[in-house]
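Enquirer: Okay, handing you the structure first.
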Amino acid sequence: MKKIAILGSTGSIGTQTLEVARENGDLQITALAAGNNIELLEKQIREFHPGLVAVWKEEKAKELKDRVKDLDVKVVCGMDGLLEVATEPSSEILVTAIVGMIGIRPTIAAMKAGKDIALANKETLVTAGHIIIPLAKECNVQILPVDSEHSAIFQCLNGEHRSQLKKILLTASGGPFRGKKKEELKHVQVEDALKHPNWSMGRKITIDSATLVNKGLEMMEARWLFGVEPKDIQIVVQPKSIIHSMVEFVDGAVIAQLGTPDMKLPIQYALYYPDRKYLPGDRLDFWSLNQITFEKPDMENFPGLKLAFDAAAAGGSMPTVYNAANERAVAKFLDRKIGFLDIPEIISECMAAHKVVEAPTVEQILQTEAATYDMIESRW
Ligand SMILES: NC(=O)C1=CN([C@@H]2O[C@H](COP(=O)(O)OP(=O)(O)OC[C@H]3O[C@@H](n4cnc5c(N)ncnc54)[C@H](OP(=O)(O)O)[C@@H]3O)[C@@H](O)[C@H]2O)C=CC1
Ligand SMILES: CC(=O)[C@@H](O)[C@H](O)COP(=O)(O)O
Ligand SMILES: [Mn+2]
């Protein structure tokens, strides 16, 4: 039995990871961490019997302790709780299915404790990739991509010499507003932005897909995972999300991974790598491939993507500003406090006001995050 711990077990990726564990029956869940959903977390505890669970708020931890007082499980809370779950001694892999750059410290702690990382939490790599990637080598642990495009790229690169990789073709659906102009985007509603054409995901990433910021985050995630410069990462809009990304080698060969949108495959590939496990059901309606079309990304009407390339070019702490500003702006949009186009506007303003710190430490990253939040709260 492979032993795994999950940060964010009650979310979209977390619950699908537990579905993979349930269906395969050969994964032991040693520890789980959630935010507020203690009703679902209690069900997960009763089904998977982790010895340790964390919830974010202390009062929720107290309530959960009472709910599970008939069980032998330790309940912890706060960042200390996340760190304890991330470093749970018996686990071999940490699945980072938590949303946001809050994942930075637990991911680093897990690596230092010798855990492989099944990484969905892209915000951690975007902001601290310059720390995470060298640390993985130093700790001799693997970073196994869960994000569907990065899993596709990882699968395409399997067995190839990385030195022969010429270009990454990072695919994008274009989101629910593909083809719309800025004028039409001004007044879109939260409900419309949450209607992703192909995937069912958590709220934050779904808004990121609508603004194309998700693809910007994924470009920065790919540069760290695969050691490719942003100029060699080409965004390709493929509206049906059948091709999950492609790689081009120095001899011109292009390899792609295809399949109907289902996160269980990338989750499973990361957990059992280098083995592949049987997954029931069809993952490709071959005769629907005639629906595959390609478009250029619309950087004019969706400035969030261009800003990502600007952040990557500025380097240092600028990707942290980009990500932190986006996290805050998306939360405000979901709270109906700002409009859809205010999201890239806020990111742009925060980036313009920022003085880059080269190779920021974790402390400097967290200070940059706090300063970005302060700026947004003072202006918006
Ligand atoms: N969903 C998808 O298909 C994909 C997601 N990803 C990435 O995976 C990550 C997770 O995304 P997704 O599953 O959609 O997100 P969800 O919003 O569905 O789930 C987020 C999880 O994180 C937990 N969480 C949030 N804040 C805290 C906190 N302070 N302490 C502990 N737990 C916390 C939530 O707990 P609770 O709900 O109990 O509050 C929940 O379990 C993101 O980085 C996303 O970009 C990448 C590719 C695809
Ligand atoms: C499932 C997954 O990996 C998401 O990142 C998804 O790809 C978002 O889709 P777009 O950002 O391409 O709309
Ligand atoms: Mn993705």
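Enquirer: Consider Ile346 carefully, then state whether it is in a helix (DSSP H, G or I) and free of Cβ contacts under 8 Å to residues at least 40 places away in the same chain.
Expert: Judged against the criteria, Ile346 is a match.
Enquirer: While we're here: Would you check if there is a residue in region 177-184 being part of a loop (DSSP other than H, G, I, E, B) and crowded, with 21+ Cβ neighbours inside 10 Å?
Expert: Scanning region 177-184 turns up at least one residue that is part of a loop (DSSP other than H, G, I, E, B) and crowded, with 21+ Cβ neighbours inside 10 Å.
Enquirer: Still on this model: Scan region 18-47 for residues that are more than 21 Å from the chain's Cα centre (by Cα) and surrounded by fewer than 19 Cβ atoms within 10 Å (Cβ to Cβ) and report the count.
Expert: Residues that pass the stated criteria total 12.
Enquirer: Can I ask one more? Select from region 180-206 the residues that are within 11 Å of ligand 1 (Cβ to nearest atom) and in contact (Cβ under 8 Å) with a residue 40 or more places away in the chain and list them in ascending order.
Expert: If the condition is that a residue be within 11 Å of ligand 1 (Cβ to nearest atom) and in contact (Cβ under 8 Å) with a residue 40 or more places away in the chain, then Asn198, Trp199, Ser200, Met201, Gly202, Arg203, Lys204, Ile205 are the ones that fit.
Enquirer: On to the next question. Considering only residues that are more than 24 Å from Gly8 (Cβ to Cβ) and either in contact with a Pro (Cβ under 9 Å, 6 or more places away or on another chain) or part of a loop (DSSP other than H, G, I, E, B) (or both), look in region 158-175 and name the one that is nearest to ligand 3 (Cβ to nearest atom).
Expert: Ranking the qualifying residues of region 158-175, first place goes to Gly174.
Enquirer: Picking from Gly281, Gly316, which residue would you name as being surrounded by 18 or more Cβ atoms within 10 Å (Cβ to Cβ), at positive phi and part of a loop (DSSP other than H, G, I, E, B)? Explain how you work it out, then say what you get.
Expert: Details: Gly281 fails: surrounded by 18 or more Cβ atoms within 10 Å (Cβ to Cβ).
Unique residue meeting the criteria: Gly316.
Enquirer: Right, another one. Kindly provide the set of residues from region 70-109 that are β-branched (Val, Ile, Thr), in contact with a strand residue (DSSP E or B) (Cβ under 7 Å, 6 or more places away or on another chain) and assigned to a helix (DSSP H, G or I), ordered by number. Quick ask: steps written out before the conclusion?
Expert: From region 70-109, those β-branched (Val, Ile, Thr) are 73, 75-76, 85, 87, 93, 95-96, 98-99, 102, 104, 107-108; that's our starting set.
Filter once more, keeping what is in contact with a strand residue (DSSP E or B) (Cβ under 7 Å, 6 or more places away or on another chain): 73, 75-76, 85, 93, 95-96, 98, 107.
Passing the criteria: Val85, Thr107.
Enquirer: Then there's this: In region 100-137, what residues are small (Gly, Ala, Ser), within 16 Å of ligand 3 (Cβ to nearest atom) and in contact with a Ser or Thr (Cβ under 8 Å, 6 or more places away or on another chain)?
Expert: Across region 100-137, the qualifying residues are Gly103, Ala118, Ala120.
Enquirer: Restrict the check to region 293-309 and report whether at least one residue is of a type in the set (A, V, I, L, M), within 16 Å of ligand 1 (Cβ to nearest atom) and in contact (Cβ under 8 Å) with a residue 40 or more places away in the chain.
Expert: Yes, there is a match, as at least one residue in region 293-309 is of a type in the set (A, V, I, L, M), within 16 Å of ligand 1 (Cβ to nearest atom) and in contact (Cβ under 8 Å) with a residue 40 or more places away in the chain.
Enquirer: Scanning region 219-230 for residues that are touching a residue at least 40 places away in the same chain (Cβ under 8 Å) and over 23 Å from Asn301 (Cβ atoms), which turns out farthest from ligand 3 (Cβ to nearest atom)?
Expert: For region 219-230, the residue satisfying everything is Gly227.
Enquirer: Scan Lys186, Lys204 and give me the residue that is at pLDDT 95 or above and within 13 Å of ligand 2 (Cβ to nearest atom).
Expert: The conditions single out Lys204.
Enquirer: Let me ask something else. Residues being exposed (fewer than 13 other Cβ atoms within 10 Å of the Cβ) and out of contact with any helix residue (DSSP H, G or I) (no Cβ under 9 Å at 6 or more places or on another chain): count how many of those fall in region 286-313.
Expert: Residues meeting the conditions: 9.
Enquirer: Also, quick follow-up: Kindly list, by first and then second residue, each pair from a residue in region 240-269 that is within 28 Å of Ile6 (Cβ to Cβ) and in contact (Cβ under 8 Å) with a residue 40 or more places away in the chain to a residue that is within 12 Å of ligand 2 (Cβ to nearest atom) and hydrophobic (A, V, I, L, M, F, W, C), limited to pairs with Cβ atoms under 6 Å and residues at least 6 apart or on different chains.
Expert: From residues that are within 28 Å of Ile6 (Cβ to Cβ) and in contact (Cβ under 8 Å) with a residue 40 or more places away in the chain, the pairs are His244/Ala152; Ser245/Ala152; Ser245/Ile153; Ser245/Leu170; Gln257/Ala152; Pro261/Trp199; Pro266/Val146; Ile267/Val146.
Enquirer: Out of region 186-218, which residues are small (Gly, Ala, Ser) and either within 14 Å of ligand 3 (Cβ to nearest atom) or touching a strand residue (DSSP E or B) at 6+ places or on another chain (Cβ under 9 Å) (or both)? Explain how you work it out, then say what you get.
Expert: If we filter region 186-218 for residues that are small (Gly, Ala, Ser), which is where we start, we get 193, 200, 202, 209-210, 216.
The answer is Ser200, Gly202, Ser209, Ala210, Gly216.
Listed here are the residues, each with its yes/no results for (1) within 16 Å of ligand 2 (Cβ to nearest atom); (2) farther than 30 Å from Phe177 by Cβ; (3) of a type outside the set (Lys, Arg).
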{"position": "Gln268", "(1), (2), (3)": "yes, yes, yes"}
{"position": "Asp282", "(1), (2), (3)": "no, no, yes"}
{"position": "Ile292", "(1), (2), (3)": "yes, no, yes"}
{"position": "Glu295", "(1), (2), (3)": "yes, no, yes"}
{"position": "Val321", "(1), (2), (3)": "no, no, yes"}
{"position": "Ala352", "(1), (2), (3)": "no, no, yes"}
{"position": "Val362", "(1), (2), (3)": "no, yes, yes"}
{"position": "Gln367", "(1), (2), (3)": "no, yes, yes"}
{"position": "Glu377", "(1), (2), (3)": "no, no, yes"}
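Enquirer: If you scan region 331-352, which residues turn out to be of a type outside the set (D, E, K, R) and over 14 Å from Asp310 (Cβ atoms)?
Expert: Selection gives Ala331, Phe333, Leu334, Ile338, Gly339, Phe340, Leu341, Ile343, Ile346.
Enquirer: Filter region 212-224 down to the residues that are part of a helix (DSSP H, G or I) and away from ligand 1 (no atom under 13 Å from the Cβ), then identify the one that is surrounded by the most Cβ atoms within 10 Å (Cβ to Cβ).
Expert: Met219
Enquirer: If Gln155 satisfies every condition in (1) crowded, with 23+ Cβ neighbours inside 10 Å; (2) within 15 Å of ligand 3 (Cβ to nearest atom) but one, which is the exception?
Expert: Against the list (1) crowded, with 23+ Cβ neighbours inside 10 Å; (2) within 15 Å of ligand 3 (Cβ to nearest atom), Gln155 comes up short only on (1).
The values are calculated or read from the model by the stated rules, or taken from the named source; none is laboratory data. From a predicted model like this one, the values you see are computed outputs, not experimental measurements. Note that each Cβ is placed from the backbone with ideal geometry, even for glycine, and that neighbours are counted across all protein chains shown.
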